[in-house]
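Chemist: Questions regarding the structure given below will be posed in turn.
The values are calculated or read from the model by the stated rules, or taken from the named source; none is laboratory data. Remember, it's a predicted structure, so these values are computed and weren't measured experimentally. Cβ placement follows ideal geometry from the backbone for every residue including glycine, while neighbour counts extend to all protein chains displayed. These accessible areas exclude ligands, DNA and RNA; they are computed on the full protein's heavy atoms, side chains included. Shrake-Rupley method; radii C 1.70, N 1.55, O 1.52, S 1.80 Å.
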Amino acid sequence: MSIAMLALAAMLQGPPTPPPVITRMPPRPVTIIPAPFPTPFDASRDSNADVDAALAEARTSGKHVLVVFGAGWCHDSRALVDAMENERTEAMLAQRYHIVWVHVPIERSLRAIPVAQRLGLGDIEGTPTVLILRPDGTPVNLDDAQSWRNAASRKPAAIHRALERAVTAP
C-alpha cells in the first residue's frame, strides 16, 4: 500500500475518538413526597390514650382492637389504608374490630414508640405493622405483626381474608 493511500485512509477516518469523560453527579437531596391522599396516621394524636379508649370499648363490645402502625410517607401503609377502605372490607372490620391508627416517624431513631413497647412489639422495624389485641388487651399476633411491610404487593382480597380470618365477629 502506498503512502498516499495510507494518508487518504487516515483522512477519511478522521481524528481518533477521545475516551469518554465520566463525571460523577453530586448526590441529590432526599425529598419526602407527601401522601397522595389523606391518611389516618396523625402524629399529633396520643396513641397510648387511643389504645386505652379502644380497649375500653372492646371490653364492652367484645370486638378485638386492630392497632395499625404506619405513616403517610409509606406506600405500603397507604396501600393498606386503601384496601381497608374498600366497602366490603370496611363492613367486615366494623363488625370485628375497633381500629387505632398510630403514626410512625420516618426517622429510624424515633421508632421506639411507647405504645408499641407497651404492647410487646419493641421498636417498629417497618410499616405498616398490624397488631391485633383481644378485648382484654392480650396480643394475638406478636409473631407476625411486622409482616405487613409488603402491603402494597398484597391484593386487597388477600388483606380482607387475612384480617377476617384473624378473629371471629363477637
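Chemist: Using heavy-atom solvent-accessible surface (probe 1.4 Å) with all chains present, what is the largest-first order of R88, R134?
Modeler: R88, R134
Chemist: Something else about it: Sorted by packing (mean other beta-carbon atoms within 10 Å per residue), highest first, where do 150-163, 70-83 land?
Modeler: Averaged packing, sorted descending, gives the order 70-83, 150-163.
Chemist: Using a 1.4 angstrom probe and counting only protein chains, how large is the accessible area of I3 in Å², to 10?
Modeler: 140
Chemist: Now for a separate question. Step through the residues of region 154-168 one at a time and calculate ³J(HN,Hα) from phi using the Karplus curve (6.51 cos²θ - 1.76 cosθ + 1.60, θ = phi - 60°), rounding each to whole Hz and writing x for Gly and Pro.
Modeler: Values per residue, Gly and Pro as x: 8, 6, x, 5, 5, 5, 4, 4, 4, 6, 6, 6, 5, 9, 9 Hz.
Chemist: With the other protein chains left in place, how much accessible area per residue, in square angstrom, belongs to region 43-85 at a 1.4 angstrom probe?
Modeler: 42
Chemist: Under the Karplus relation 6.51 cos²θ - 1.76 cosθ + 1.60, θ = phi - 60°, what is the ordered set of whole-Hz ³J(HN,Hα) values for region 144-153, x standing for Gly and Pro?
Modeler: 10, 4, 8, 7, 7, 4, 9, 4, 5, 8
Chemist: Given H placed 1.01 Å from N in the peptide plane, which residues other than close sequence neighbours of V104 have an amide H under 5 Å from its amide H?
Modeler: Amide H neighbours of V104: G70, A71.
Chemist: Using the Karplus curve 6.51 cos²θ - 1.76 cosθ + 1.60 with θ = phi - 60°, what ³J(HN,Hα) values do you get for each residue of region 60-74, in whole Hz, with x for Gly and Pro?
Modeler: 7, 8, x, 6, 7, 10, 9, 9, 10, 8, x, 7, x, 7, 9
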